[in-house]
Amino acid sequence: MGQGGQGEPRRNWNEERQPASRQQDKRAPKVERAKKLRVRDPNQQILDRAQRLRDTRVDMEQIEPVRLQKALAASGVGSRREMEEWIEAGLILVNGKKATLGDRVGPQDRVTAKGNPIRLKWPDRLPRVILYHKQEGELVTRDDPEGRVTIFDRLPQAKSSRWVAVGRLDVNTSGLLIVTTSGELANRLMHPSFEAEREYAVRVLGQLEPEQMKEMTRGIELEDGPAHFQRIVEQGGEGVNHWYRVVIKEGRNREVRRIFEHFGLTVSRLIRVRFGNIGLPARLKRGQFYELNSAEVAAVMKWSDLTVTGRAKSR
């Protein structure tokens with residue numbers, strides 16, 4: 001991500017924002033970082049295009065001002081909610097004056113937080129995008145009060161920006177998780193109007209009747225509203241376990257599990273294998289990540305109908 005503003009913060013904001021349980025318990029075992037999937041370099045034509053994309057920058061004067069709390073959060077200072085609290089408490093200055101909620105800032109503005117100059121980061125280039133094979137037992141959250149392992153403990157540090165997960169997988173679900181440094185890209189992919197398909201491999205105890213499978217695609221009523229699969233295909237199984245492939249366009253909490261539970265079946269394994277046009281790479285093992293090259297990221301931005309820096313394309 002690009003950089004603007006003046007000076008460097010004197011504090012390590014990431015350390016300051018660690019949960020108290022992690023700050024205090026120095027004996028807690030260190031979380032092992034996820035290993036990066038190594039792949040063969042693409043052909044020279046793709047390498048050259050990727051290099052050109054990496055070198056492309058947007059003129060800072062073309063970057064439109066954004067809300068102060070959004071700029072601070074994108075720069076890794078804290079969450080938007082925390083930044084709103086700091087603004088209300090008078091802890092944020094913009095160009096030497098106390099900031100107020102609703103203020104917008106651009107690359108030319110000088111910002112300080114708790115007396116520390118902040119070097120704001122600006123989207124002047126392609127974002128980073130990672131495909132992570134989430135393991136069961138890991139949380140998709142920034143901080144956990146109980147000190148459990150989160151995906152952000154496992155992923156590499158984003159030195160000049162902040163990782164944002166595209167949606168969530170619950171603690172007992174594994175599979176494809178897209179993580180990016182672009183909040184705009186994450187919001188675009190998660191927005192209901194984008195209707196990105198999510199495909200899952202599902203193992204259940206028991207077996208569905210053909211009429212139940214049809215009913216799952218026609219729609220059923222859950223406690224939080226109607227739900228249905230776009231498609232469901234039986235994948236076979238052994239003994240009491242049966243596998244199915246399902247496609248859904250929503251990301252409601254535990255929705256796939258709850259649809260099966262509606263028919264009295266318990267899901268024993270749930271693996272996300274595709275999000276939109278991005279599939280879980282066959283060689284990507286659980287706990288590994290693959291970082292898209294610049295050409296692949298540009299393709300994702302195009303698919304999302306965004307510019308390379310994350311702005312919506314003008315029509």
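Taking each residue of segment 73-102 that is free of Cβ contacts under 8 Å to residues at least 12 places away in the same chain and looking for partners that are small (Gly, Ala, Ser) with beta-carbon atoms closer than 6 Å, six or more apart or interchain, yields ARG80/ALA73; LYS98/GLY90. Reported count of residues in segment 135-151, each being free of Cβ contacts under 8 Å to residues at least 60 places away in the same chain and touching a strand residue (DSSP E or B) at 6+ places or on another chain (Cβ under 8 Å), is 8.
Of the residues examined, ARG67 is not one that is at pLDDT 80 or above, within 23 Å of the chain's Cα centre (by Cα) and exposed (fewer than 12 other Cβ atoms within 10 Å of the Cβ). Conditions: (1) part of a helix (DSSP H, G or I); (2) of a type in the set (Gly, Ala, Ser); (3) surrounded by 14 or more Cβ atoms within 10 Å (Cβ to Cβ). SER193 meets all but one. Number of the miss? Checking SER193 against (1) part of a helix (DSSP H, G or I); (2) of a type in the set (Gly, Ala, Ser); (3) surrounded by 14 or more Cβ atoms within 10 Å (Cβ to Cβ), the one that fails is (3).
Which count do you get for residues in segment 27-55 that are at pLDDT 65 or above and either loosely packed, with under 10 Cβ neighbours inside 10 Å or among the hydroxyl-bearing types (Ser, Thr, Tyr) (or both)? Within segment 27-55, residues that are at pLDDT 65 or above and either loosely packed, with under 10 Cβ neighbours inside 10 Å or among the hydroxyl-bearing types (Ser, Thr, Tyr) (or both) number 7. With respect to (1) in contact (Cβ under 8 Å) with a residue 60 or more places away in the chain; (2) in the same structural domain as ALA165 (by TED's automatic domain parsing); (3) among the small types (Gly, Ala, Ser), the lone exception for GLY310 is condition (2). Only one of the listed residues (LEU131, LEU93) is farther than 28 Å from LEU306 by Cα and not in a loop (DSSP other than H, G, I, E, B). That residue is LEU93.
Only one of the listed residues (GLY175, GLY115, GLY137, GLY147) is touching a helix residue (DSSP H, G or I) at 6+ places or on another chain (Cβ under 7 Å) and at positive phi. That residue is GLY147. Checked against (1) modelled with pLDDT under 70; (2) over 23 Å from the mean Cα position of the chain (by Cα); (3) in a helix (DSSP H, G or I), VAL58 passes all but a single condition, namely (3). May I ask you to verify whether TRP163 is at pLDDT 95 or above and either assigned by TED's automatic domain parsing to the domain that holds GLY276 or more than 17 Å from ARG33 (Cβ to Cβ) (or both)? For TRP163, the condition - at pLDDT 95 or above and either assigned by TED's automatic domain parsing to the domain that holds GLY276 or more than 17 Å from ARG33 (Cβ to Cβ) (or both) - is not met. When restricted to residues that are among the hydrophobic types (A, V, I, L, M, F, W, C) and assigned to a loop (DSSP other than H, G, I, E, B), segment 61-90 contains 3. Search segment 159-173 for residues being in contact (Cβ under 8 Å) with a residue 60 or more places away in the chain and surrounded by fewer than 19 Cβ atoms within 10 Å (Cβ to Cβ), and hand back the single one that is nearest to ALA73 (Cα to Cα). Here the answer is SER160.
Restricting the first member to segment 267-286 and to residues that are farther than 14 Å from VAL247 by Cβ and touching a residue at least 40 places away in the same chain (Cβ under 8 Å), and the second to residues that are crowded, with 17+ Cβ neighbours inside 10 Å and of a type in the set (Phe, Trp, Tyr), the beta-carbon pairs closer than 6 Å and six or more apart or on different chains are VAL267/PHE260; PRO281/TYR290; LEU284/TYR290.
Only residues that are of a type outside the set (A, V, I, L, M) and either in a strand (DSSP E or B) or within 25 Å of LEU176 (Cα to Cα) (or both) were counted across segment 208-233, and they come to 8.
Selection over segment 174-215 of residues that are among the aliphatic types (A, V, I, L, M) and without any contact (Cβ under 8 Å) to a residue 12 or more places away in the chain gives a count of 0.
Matching residues to (1) touching a Cys at 6+ places or on another chain (Cβ under 9 Å); (2) under 25 Å from ASP153 (Cβ atoms); (3) surrounded by 13 or more Cβ atoms within 10 Å (Cβ to Cβ); (4) among the aromatic types (Phe, Trp, Tyr):
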{"position": "GLY225", "(1), (2), (3), (4)": "no, no, no, no"}
{"position": "TYR244", "(1), (2), (3), (4)": "no, no, yes, yes"}
{"position": "ILE259", "(1), (2), (3), (4)": "no, no, yes, no"}
{"position": "HIS262", "(1), (2), (3), (4)": "no, no, yes, no"}
{"position": "ARG283", "(1), (2), (3), (4)": "no, yes, no, no"}
{"position": "ALA298", "(1), (2), (3), (4)": "no, no, yes, no"}
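The values are calculated or read from the model by the stated rules, or taken from the named source; none is laboratory data. Since we're looking at a predicted model, the values are computed, not measured. Don't worry about glycine lacking a Cβ; one is built from the backbone with ideal geometry, like all the others, and counts go over all protein chains shown.
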